[in-house]
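What follows is a single structure, written as structure tokens, with notes after it.
Each value in this text was obtained by applying a stated rule to the coordinates, not by laboratory testing. Predicted, not measured: the structure shown is a model, and the values here were computed from it. Cβ placement follows ideal geometry from the backbone for every residue including glycine, while neighbour counts extend to all protein chains displayed.
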């Protein structure tokens, strides 16, 4: 695939998902692709044919009955918990149960990705737990030690009324935990968060009551780490030790104390008092469930700095890059040796003339993060000495393991980058920008930009104004070294270029 096609695909994918990005997303950073099979806006009835399981597996302390306890109205799904005494078999024997509820769990599964739900808690507290979570089936196909039998990621469990380390939680305390079953020493070993808090337990106390409004809860599962978000804010991170199995995306309303008791690693039903029954039914609500794949992405911190600032020959230019090689993928070594930054001299036709290259191999095999690439400007020709029409562009690139190896570029290169010689004056002072060759004012400009050329021979001066995409938006010619450009209607960072005979100057200017 050509670089041009790749960049176009980047822009197309980003734009197509612009209306459905996660609450934590920043425009221009990660690129997102919605996974429809694991997403639901709840604009119609519950889709049991293709998306959700109509009858999930029951648990030890209550019974799921989706047909009677899940409904959709006004773009919102409601899951009900109701007092409904009944008897059903559990572990081969009849058992008394007192409550029925609902659980939406997807038919499709996923290992790595970004999972988000917008939900509101149930009115009853304590006694029920609205939850958004992921869980796998039990795989006992291997007897090898270290085999992952079961994994579960709780994006959030609300209103659990938990007791932990001498503290009684209230309605604002939330649990965002990890559970797993792993074969150790020939037996199945449960890994619960309270037994392994550093590896698996997160507590979050919200500044609001989850029963009174909708909030977003999200988790990103990467091969190296698990990240938790509430209303778009990162509130927890753990190393990914065991959460590498396909998991169902799930919304559920489970029972909690005083209606169940946790003993012998499972909830056990408790018969409610007569005065507690009147609190039922109770409901949790879900506005949507959305699941995304992160597509291979690359962005720069403070991108505008590389356009607005000039860099001196003989020094270094440090480029701060952030990257995500895509859900489930990593950075490869390949020709870019981790991540590479190229300073490319281009001619007026956009053809590469010369490249200056630096790399940082520290991100090889990384699943996301940031890295600094330091590029030496020791032998770089100053911008003012380049042939007429030539300019510099910064181009970072790395290779993702997606599709066996995919080169990842910025949505567009950064240009023009101004390189100046040591001792050459270039910069903005006060409300003007003055160099050895040109004086621009006021800066920032508004309706008019004054241009004064210094020490230029008498002749015709060709002026142009170019935007950051390289598009010439204004072009004129004058015969006076002092002139004024009408820039009304323009806004942003532009490049002013003046040429006359064999002399040329290019300077960046901000227009408000």
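What is the fewest-to-most order of 329, 147, 29 by other Cβ atoms lying within 10 Å of their Cβ? If you can, show how the numbers build up before the last one.
Working: 329 22, 147 15, 29 18.
Arranged by neighbour count, lowest to highest, 329, 147, 29 become 147, 29, 329.
Sort 217, 391 so the one with the fewest other Cβ atoms within 10 Å of its own Cβ comes first. Intermediate results must be reported in sequence, preceding the final value.
Values: 217 28, 391 23.
Sorted ascending by nearby Cβ count, the order is 391, 217.
Could you check the spin-label model distance between residue 231 and residue 510? Points 7 Å from the Cα along Cα→Cβ, value in nm.
3.1
Want the number for residue 353 to residue 439: 0.36 nm per residue separation, take away the alpha-carbon distance, what's left? Let's see the in-between values first.
Values: separation 86, 0.36 × 86 = 30.96 nm, distance 2.93 nm.
That pair, residue 353 and residue 439, stretches by 28.0 nm at full extension.
Counting other beta carbons within 10 Å of each residue's own, what order do 227, 323 fall into, fewest first? Walk me through the numbers on the way to the answer.
Details: 227 18, 323 25.
Ordered by Cβ neighbours within 10 Å, fewest first: 227, 323.
How many angstrom lie between the Cα centre of the stretch 389-423 and the Cα centre of the stretch 296-313?
One Cα centre to the other: 10 Å.
Once you keep just the Cα pairs under 8 angstrom separated by 6 or more residues, what percentage relative contact order results for the chain?
Working: 1266 pairs, mean separation 67.5, N = 512.
Normalised by residue count, the contact order of the chain is 13 percent.
Taking square-rooted eigenvalues a ≥ b ≥ c of the alpha carbon gyration tensor, is the stretch 52-114 rounded, prolate or oblate, where a/c under 1.5 means rounded and, failing that, a/b exceeding b/c means prolate? Present the calculation step by step, with values, prior to reporting the outcome.
On the way: a/c = 3.05, a/b = 1.42, b/c = 2.15.
The shape class here is oblate.
How large is log10 of I(q)/I(0) for the stretch 39-168 at q = 0.11, 0.14, 0.20 Å⁻¹ when the intensity is taken from the Debye formula with one equal scatterer per alpha-carbon?
Each listed q maps to, in turn, -0.50, -0.82, -1.42.
Within the stretch 166-200, whose backbone N sits under 19 Å from a point 7 Å along Cα→Cβ of residue 143?
Taking a point 7 Å out along Cα→Cβ of residue 143, the residues of the stretch 166-200 whose backbone N falls under 19 Å are 182-189.
Rounded, prolate or oblate, given the Cα gyration tensor of the chain, with a/c below 1.5 counting as rounded? Walk me through the numbers before you get to the answer.
Values: a/c = 3.21, a/b = 2.43, b/c = 1.32.
Prolate, since a/c reaches 1.5 and a/b exceeds b/c.
Over what distance in Å are the Cα centres of the stretch 169-214 and the stretch 74-128 separated?
So the two Cα centres are separated by 18 Å.
Return the FRET efficiency for the residue pair residue 26, residue 163: r is the Cβ-Cβ distance, R0 is 35 Å, and the value is rounded to the nearest 0.05.
Numbers: r = 38 Å, r/R0 = 1.08.
The value I calculate is 0.40.
To the nearest 10 degrees, how steeply does helix 3-16 sit against the main Cα axis of the chain, on a 0 to 90 scale?
Roughly 50 degrees between the two axes.
Provide the gained length on full extension for the span residue 264 to residue 462, in nm with one decimal, where the gain is 0.36 nm per separating residue minus the Cα-Cα distance. Intermediate values should be presented prior to the final figure.
On the way: separation 198, 0.36 × 198 = 71.28 nm, distance 8.37 nm.
Gain in length upon complete extension: 62.9 nm.
Be a star and scan the stretch 156-189 for residues whose amide nitrogen sits under 16 Å from the point 7 Å along the Cα-to-Cβ vector of residue 209.
Counting only backbone N, you get 159-161, 170-174.
Looking only at the stretch 303-332, which residues have a backbone nitrogen under 17 Å from a spot 7 Å from the Cα of residue 422 in the C-beta direction?
Those under the cut-off are 311-317.
Order these peptides, 60-67, 163-170, 335-342, 446-453, by their mean beta-carbon neighbour count within 10 angstrom, highest first. Can you show the working numbers first?
On the way: 60-67: 18.8, 163-170: 10.8, 335-342: 20.5, 446-453: 16.5.
Highest mean packing first, the order is 335-342, 60-67, 446-453, 163-170.
If I take R0 = 25 Å and measure r between the Cβ atoms of residue 480 and residue 304 in this structure, what FRET efficiency does the formula 1/(1 + (r/R0)^6) give, to the nearest 0.05? Intermediate values should be presented prior to the final figure.
Numbers: r = 32 Å, r/R0 = 1.29.
For residue 480 and residue 304, the calculated efficiency is 0.20.
Can you bin the stretch 297-420 into rounded, prolate or oblate? Criterion: square roots of the alpha carbon gyration tensor eigenvalues sorted a ≥ b ≥ c, rounded for a/c under 1.5, prolate for a/b above b/c, oblate for the rest. Can you show the working numbers first?
On the way: a/c = 2.19, a/b = 1.90, b/c = 1.16.
Since a/c reaches 1.5 and a/b is larger than b/c, the shape of the stretch 297-420 is classed as prolate.
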